[in-house]
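Worksheet: the structure to be examined is printed underneath.
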Amino acid sequence: MQIRFDDRVALVTGAAQGIGRAIALALAEAGARVHLADIDEAGVQATAKEIGATGHAADLGSPEAAQALVREIVATDGRLDLLVHAAGGVRGQVGRAIEEISEGDWRVIFAANVDAAFFLAQAAAPAMKQAGYGRIVTISSGAGLRPSLTGIQAYASAKHALVGLTKQLAWEFGPHGITVNSVAPGFVRSNPASERQWQSYGPEGQKRLVESIHTRRLGTPDDIANATLFFLSEQAGWISGQVLSVDGGRS
């Protein structure tokens, strides 16, 4: 089965590094015209230059920012076919007791992981509905299906909310030729935050984590990109509202 995206226009958020970057690179290699978005301006522009894509520096936690980004893409390329929301993460937070969590700590993680996904889908809906075609993939987490290894209450709650949003959008968008699915990665050493978490486990904790995975290895950004490209493909046209755990069998 060959997956190609020739003449398709794609937007990948969180694309400056890690999983988002791997997805953007795979899409570009498969023929898509790719737009990258990330809050890290230097990083997203460097990645865009390297893979021959268009970079956009944007904080997508507001509807205005999401609308402006989608308008720019549609003005440039005439449409938006594929949307991958890979931005999010823990925003520098670590696991703490609930009594220590401020309102700001809670809300910043929801803004990155859930608000941005909602606002982007809202912004992309008119163009996709008009075309009668669209593919949306959210990058959730195993933390959206069970308690999180990070110990971060807001992160686990936000990823659970992202899974719920994915399923609801699949129902709403389905009649318009738009599928909405989610990839839920297991532990992937893909960015500074996940690397800090990995190091915090120490040798014994790292060994226990790997031994809890059926395949006895951690995932890679390419593992997540491969699953994402399937959901984006023509071959997945009758799949919607699904969450695919890509975690080496740990779930």
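At-a-glance table
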| read-out | value |
| --- | --- |
| Which listed residue is open to solvent by 80 Å² or more (accessible area, probe 1.4 Å) and either modelled with pLDDT under 95 or among the hydrophobic types (A, V, I, L, M, F, W, C) (or both), from 66, 75 | 75 |
| Residue under evaluation residue 241, criteria (1) over 28 Å from residue 126 (Cβ atoms); (2) in a loop (DSSP other than H, G, I, E, B); (3) at pLDDT 80 or above, criterion not met | (1) |
| Matching entry among 130, 122 (being open to solvent by 70 Å² or more (accessible area, probe 1.4 Å) and in contact with a Pro (Cβ under 7 Å, 6 or more places away or on another chain)) | 122 |
| Scan of the range 142-163 for residues that are farther than 16 Å from residue 209 by Cα and open to solvent by less than 20 Å² (accessible area, probe 1.4 Å), ordered by number | 144, 152, 154, 156, 158, 159, 162, 163 |
| Residue that is nearest to the chain's Cα centre (by Cα) [pool: residues in the range 164-184 that are open to solvent by 10 Å² or more (accessible area, probe 1.4 Å) and aliphatic (A, V, I, L, M)] | 165 |
| Tabulated pairs, the range 159-182, first free of Cβ contacts under 8 Å to residues at least 24 places away in the same chain, second assigned to a helix (DSSP H, G or I), C-beta under 9 angstrom, 6+ apart or interchain | 160/143; 160/144; 164/144; 172/125 |
| Lone unmet requirement of (1) over 23 Å from residue 163 (Cβ atoms); (2) without any contact (Cβ under 8 Å) to a residue 24 or more places away in the chain for residue 91 | (1) |
| Which numbered condition residue 116 fails, given (1) open to solvent by less than 50 Å² (accessible area, probe 1.4 Å); (2) at pLDDT 95 or above | (2) |
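The values are calculated or read from the model by the stated rules, or taken from the named source; none is laboratory data. Quick caveat: nothing in here was measured; it's all calculated off a predicted structure. Cβ atoms come from the backbone with ideal geometry, glycine included; neighbour counts cover every protein chain shown. The accessibility values were calculated without ligands, DNA or RNA, using every heavy atom of the protein model including side chains. Shrake-Rupley method; radii C 1.70, N 1.55, O 1.52, S 1.80 Å.
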